[in-house]
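Let me begin by presenting the structure, written as structure tokens, before commenting on it.
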Amino acid sequence: MSTVSTVEPKKKAKKASSPGATVLFDAPGPRARQRARIFSVIALLLVLALFALAAKKLNDSGQFEYDKWGPLFDPSNSDFTVVWERIGTGLKNTLTAAGLAIVLSLVIGVIIGVLRISAGKYARMPLIAIIELLRGLPVILAIYLTSRIAEAAGLDLSGLPGGELLWFLVIGLTAYNSVIIAEIVRAGVASLPRGQNEAALSLGLTRGQSLRMILLPQAIRVMLPALISQLVVILKDTSLIAILGGYLELMRTSGILIQNLRNPIQMYLVTAIIFILFNYGLTKLAEYIQRRLSRTGGPQKPIAVVGAPL
């Protein structure tokens, strides 16, 4: 006969009411909080003083004059329409190059990553050599070498949509970023528990089927933040086509407008805001996809192996 214990369960320890308490540090006392507030106010005043000094210097040099801001922000300005048409064209060219490079880098990078994982010891050696070679190149050098190698080999890319400069940029970006994405894929699959692959092989799946059906779908959630970071890098690196000139992407277009309007601070500020907005959009898209994957994935069910107890 079981007896019911009359001992009341111990009450949970009260959480520290003071803010700032962590596992490693105690909550700051009244004097420490007062010092922190004082230092915060001093730091804020210093930052405001620096901003005021910078604003004064900019005002003294005429950076707040209408002639420098009007073409960008005043629709009644005679140059407003032309300026934003040029910016729109440059942005379109930037997004075109980035979009092509992103798609090609993802496709080729995943293929290289899967081949490196599934290939044998000796078959992996050429892949590793290519990955290390391209990963060690600066992106700007990859773009330059693409143009020189194509010219030396007699390849005429001018007949392709967008012209040869677009494809020099796309090929150079793809060559570099595809091997980075391949390493992200390899690291994502390697981060999964080994039991996932062993269970798949015990069910009779081949290595390729295990990668395609079990490992890669799970690794996508692990890889997604790193992949999106790399896509942001691709978008920003489109400006490196400046080494060849001629392709009017956003940065090149901004430079031409600056030569006519004489407002480098204002124009590059607008260009920076455009890049920040698009990169922020990519980040938010990644967060949305990650939430969707987490919501639809649910808890992982154990894989039943015939003859093994569950």
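The values are calculated or read from the model by the stated rules, or taken from the named source; none is laboratory data. Only a predicted model underlies this, so the values are computations on that prediction, with no experimental measurement involved. Here the Cβ positions follow ideal geometry from the backbone for every residue, glycine too, while neighbour counts run over all protein chains shown. These area figures cover heavy atoms from the full protein model, side chains too; ligands, DNA and RNA do not enter into them. Shrake-Rupley method; radii C 1.70, N 1.55, O 1.52, S 1.80 Å.
Please find, among Ala129, Ala101, Ala119, Ala142, the residue that is open to solvent by less than 40 Å² (accessible area, probe 1.4 Å), among the aliphatic types (A, V, I, L, M) and within 12 Å of Val179 (Cβ to Cβ). Please lay out each step first, then the result.
Working: Ala129 fails: open to solvent by less than 40 Å² (accessible area, probe 1.4 Å); Ala101 fails: within 12 Å of Val179 (Cβ to Cβ); Ala119 fails: within 12 Å of Val179 (Cβ to Cβ).
From the options Ala129, Ala101, Ala119, Ala142, the qualifying one is Ala142.
Cβ separations smaller than 6 Å between residues 6+ apart or across chains give no pair from the stretch 64-80 residues that are exposed (fewer than 11 other Cβ atoms within 10 Å of the Cβ) to residues that are part of a loop (DSSP other than H, G, I, E, B) and among the hydrophobic types (A, V, I, L, M, F, W, C).
Among the residues of the stretch 185-222, those identified as under 12 Å from Val114 (Cβ atoms) and buried (at least 18 other Cβ atoms within 10 Å of the Cβ) are Val185, Arg186, Gly188, Val189, Ser210, Leu211, Leu215, Leu216, Ala219.
Considering Ser210, Ser158, which residue is polar (S, T, N, Q), more than 13 Å from Val110 (Cα to Cα) and in a helix (DSSP H, G or I)? First the steps, then the outcome.
On the way: Ser158 fails: in a helix (DSSP H, G or I).
On inspection, the qualifying residue turns out to be Ser210.
Residues that are open to solvent by 60 Å² or more (accessible area, probe 1.4 Å), of a type in the set (A, V, I, L, M, F, W, C) and under 15 Å from Trp69 (Cα atoms) within the stretch 250-272 comprise Ile265, Leu269, listed in sequence order. Evaluate the stretch 225-239: report whether one residue or more is farther than 17 Å from Ala101 by Cα, at pLDDT below 85, touching a helix residue (DSSP H, G or I) at 6+ places or on another chain (Cβ under 8 Å) and assigned to a helix (DSSP H, G or I). Yes, the conditions are met somewhere in the stretch 225-239.
On the given criteria, is Trp84 open to solvent by 60 Å² or more (accessible area, probe 1.4 Å) and within 28 Å of Leu282 (Cα to Cα)? Reasoning before the result, please.
Values: open to solvent by 60 Å² or more (accessible area, probe 1.4 Å): yes; within 28 Å of Leu282 (Cα to Cα): yes.
So Trp84 passes the test.
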